[in-house]
Structure formats: C-alpha cells, structure tokens
Amino acid sequence: MAQLISGKVISAAVKERIAAEVEALKSQGVTPGLAVIIVGTDPASQVYVGSKERTCIELGMYSEKYELPESTTNEELLALVEKLNKDDKIHGILCQLPLPRHLDEKAVIDAIDPSKDVDAFHVQNVGKIMLGDYDFLPCTPAGIMEMLKFSDIDPCGKHCVVIGRSNIVGKPMAMLMLHANATVTVCHSKTQNLKEICRNADILVAAVGRAKFVTADMVKDGAVVIDVGMNRDENGKLCGDVDFASVEPKCSAITPVPGGVGPMTIAMLMQNTLTSAKRTLK
Ligand code: NAP
C-alpha cells in the first residue's frame, strides 16, 4: 500500500509552528495582517476566501476581508490595492482569482506592492523564483515541496514530470523541483506521448484540472504521485486529477483529494504573511 501524504496532518504541523511564531512576533509589537479581496459571487472563490480568513484568525493573525460587488471597476479595485499597500497593519494582500471578465487581472497583480504579494504572482517575485533568490514562494508549489520534505522524499536526481504549465502551479512547480535538483519535464495539452513521459516519472505532479485524468497506465511502479487537481466528478463529489483508486496500488506515495495539496496551499499563504510581517522588524 502506498504511503498517504496527508496535507491535513502536515498542514496542521506547519500551522502549529506558524501560530507559535505569530505569538512571538506579537510580543515584539507586530501582528501579521492579511487582506483578502474578493469581487463578485463565485461560490468556489467564496469558499477559498472564507477558509483563508478562518485560518488567519485561528493562527492569531489580523485579517481583513473586502467583498466587492460584481460591478466594481478597475479604478475602484486599484484604489483599494493602493490603500492596502500603504496600510502598516497589512503585510499580505491577496486578490482572489479569477476576477470577473471586465477587470484587468494583470493590472491588479502589478499594483500589489511586491513586498506584500503573498501569492507571489507579481512579475518581480516571479523573476526572483526563476533565479532561486526569493522572498515568497507561490503557495501551491511551496506546499508541495513542504509535503515532500515532511515525508522524507528528496527530489534530488529524480525525474519529476509536471503535467500543466500554468503560471500559478505548473511553471513555478517545475522551477522549485529544478532548484531541488530534480530533472524536470513539463507537459501540457500539446505534449505528444504523454503516457510514456509520465510512465518515466519518479515524481509525477498532476496540475491539469481534469477529473481522474491520470490513470494507472500512466504511472511507474513505485512512483510518488502528487495530485493538485480540484475537480467535481460525475456525482458532483470533489476529486483530483488522479484516478486515486487505480493509481494508489501502483505508487510508493500519493496525496489524496480532498485533504492533500489544498490545506497546504493555505498554510503556505499564512507562512508568506508571517515572513512579510517579520521583515518589518528589520
Ligand atoms: P490551468 O491554468 O487550467 O492549467 C491547466 C494545465 O493543464 C495547462 O497547462 C494545460 O495545458 C494542461 N492540460 C490541459 N489538458 C491537458 C491534457 N489533455 N494533457 C496535458 N496537459 C493538459 O489550471 P491550474 O490553475 O494550473 O490548476 C490545475 C488544477 O489544480 C485545477 O484543478 C485547479 O482547481 C487545481 N488547483 C488546486 C490548488 C490547490 O490548492 N489544491 C491550487 C491551484 C489550482 P495548456 O497550457 O497547453 O493549455
């Protein structure tokens, strides 16, 4: 049976450490503060934002939530970001994506002060990740690296195959694996021979956004399988990009969905907010 890499268990340990550090920082007069902006009424976004706010409070941090109507203009959104950039109580600013279509996501990301960009989406932070000299790591790939470390899985010298090349998950994931000395292959919708490439992976990361896309015939015996996907199956049940039932017996370790990468993403957001707050002491 494969080792189950539980994001629930690992994120609980990470959060316990963060809560202790928050307590220590507060005694020095700094309370880490996170502002989360949500525009419109997308139900999935509301769930994510709700759990970010709850975790913030649970860890003793200061939290502000801005729920803006669908009719919000670019100017109004940018004015809010500007206000938060100048607010000393706020160390992290997160604008929940996707934004309604009439809003300019890139302009909003560009407007966030890079030192408060706890999602690490700003071009300045993306560049630093490329160079391996970073302040913040993007939360989902960072959470995956933390899970591997906690599970004593060292990517050094391994062949890591990442399916997906989004700016949020696939590309930074590939970069972090490279920094960890893995040999990395990035696959996408135009990749030929996807199955064969995946079958060569020692570590397979699926960030596709398609329910049960990775099947047993795509996985090498003994591989480590990381499932980033958050999809709904034919019965509306939350499921990953990996067909867990068929893949689990073949691999050495696997993350479940739910309870895998998801909880780690939020824990890493808290870590980034803490890192940003600590820097104000220097
Ligand atoms: P995305 O922006 O839609 O990217 C999906 C990637 O998969 C693209 O690069 C796409 O290739 C590739 N792809 C699509 N169909 C493919 C196919 N048939 N063969 C090979 N590659 C294919 O999605 P994302 O934002 O990276 O998210 C991926 C999944 O992770 C989603 O389910 C999302 O909900 C989930 N997610 C989870 C967390 C978490 O905390 N657990 C965080 C973020 C995202 P092209 O580039 O060629 O189109």
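The values are calculated or read from the model by the stated rules, or taken from the named source; none is laboratory data. Please read these numbers as outputs of a predicted model, since none were measured by experiment. Positions of Cβ are generated from backbone atoms using ideal geometry, with glycine treated the same way; all protein chains shown enter the neighbour counts. Heads up: the accessible areas ignore ligands, DNA and RNA and are worked out on the full protein's heavy atoms, side chains in. Shrake-Rupley method; radii C 1.70, N 1.55, O 1.52, S 1.80 Å.
Going down the table (LYS52/LYS86; LYS52/LYS250; LYS8/LYS128; LYS15/LYS278; LYS149/LYS250), which pairs top 24 Å between alpha carbons?
Going by Cα-Cα distance, LYS52/LYS250; LYS8/LYS128 fall outside the 24 Å limit.
In debye, nearest 20, what is the charge dipole magnitude of the stretch 75-176 about its Cα centre with +1 on Lys and Arg Cβ and -1 on Asp and Glu Cβ, if you could check?
Here the stretch 75-176 has a charge dipole of around 360 debye.
What's the percent breakdown of Cα-Cα distances in the stretch 139-262 across 5 Å bins, shortest bin first?
Calculated P(r), rounded to whole percents: 2, 12, 24, 27, 22, 10, 2, 0, 0.
Quick one: what Rg and Dmax do you get for the chain from the alpha carbons, in Å?
18.9, 56
Output the 0 to 90 degree angle, nearest 10, between the alpha-carbon long axis of helix 170-179 and the longest principal axis computed from the alpha carbons of the chain.
Orientation of helix 170-179: about 80 degrees from the principal axis.
Given a 10 angstrom Cα cut-off, can you work out which residue in LEU84, LEU194, LEU148 is the most mobile in a GNM of the chain?
LEU194
With unit charges on the beta carbons (Lys and Arg positive, Asp and Glu negative) and the dipole taken about the Cα centre of the chain, which residue among PRO43, GLY164, LEU148 sits farthest to the positive side?
Of the listed residues, the answer is LEU148.
Please compute the per residue accessible area over the chain with all protein chains in place, 1.4 Å probe, rounded to a whole number of Å².
I get 47 Å² per residue for the chain.
Which residue, SER63, SER151, SER71, has the most motion in a Gaussian network model of the chain that connects Cα atoms within less than 10 Å?
The residue with the greatest mean-square fluctuation here is SER71.
Label-point separation (nm) for THR280 and VAL123, each offset 7 Å from Cα along Cα-to-Cβ?
Once both label points are built, they end up 2.8 nm from each other.
Per residue, how big is the convex hull around the C-alpha atoms of the stretch 4-150? Give it to me in cubic angstrom, could you?
124
What are the residues whose amide H is under 5 Å from the amide H of ILE37, where those residues sit 5 or more places off or on another chain and H is modelled from the backbone?
Close amide H contacts, sequence-distant or interchain: TYR66, LEU94, CYS95, GLN96.
Just the number, please: carbon plus sulfur as a percent of the accessible area of the stretch 1-88, 1.4 Å probe, no ligands or DNA/RNA counted.
That share works out to 55 percent.
Suppose R0 equals 25 Å; then what is the FRET efficiency for GLN3 and SER166 from their Cβ-Cβ distance, rounded to the nearest 0.05?
E between GLN3 and SER166, to the nearest 0.05, is 0.40.
How big is the stretch 29-115 in terms of Cα radius of gyration and Dmax, in angstroms?
12.7, 41
How high is the relative contact order of the stretch 29-115? Use alpha-carbon pairs under 8 Å, at least six apart in sequence, and give a whole percent.
40
So what are the ³J(HN,Hα) numbers for the stretch 124-138, from phi and the Karplus equation (6.51, -1.76, 1.60; θ = phi - 60°), rounded to whole Hz, Gly and Pro as x?
Per residue, the Karplus-derived 3J(HN,Hα) values read 5, 6, 4, x, 5, 5, 4, 7, x, 10, 10, 8, 10, 10, x Hz.
Over the chain, what is the mean sequence separation of C-alpha contacts under 8 Å (at least six apart), divided by residue count, expressed as relative contact order in percent?
Once divided by the residue count of the chain, the mean separation gives 22 percent.
What are the ³J(HN,Hα) values, in whole Hz, obtained from phi via the Karplus relation 6.51 cos²θ - 1.76 cosθ + 1.60 with θ = phi - 60°, for each residue of the stretch 19-32 in sequence order, with x given for Gly and Pro?
Each residue of the stretch 19-32 in turn: 4, 5, 5, 4, 4, 5, 5, 4, 5, 9, x, 10, 9, x Hz.
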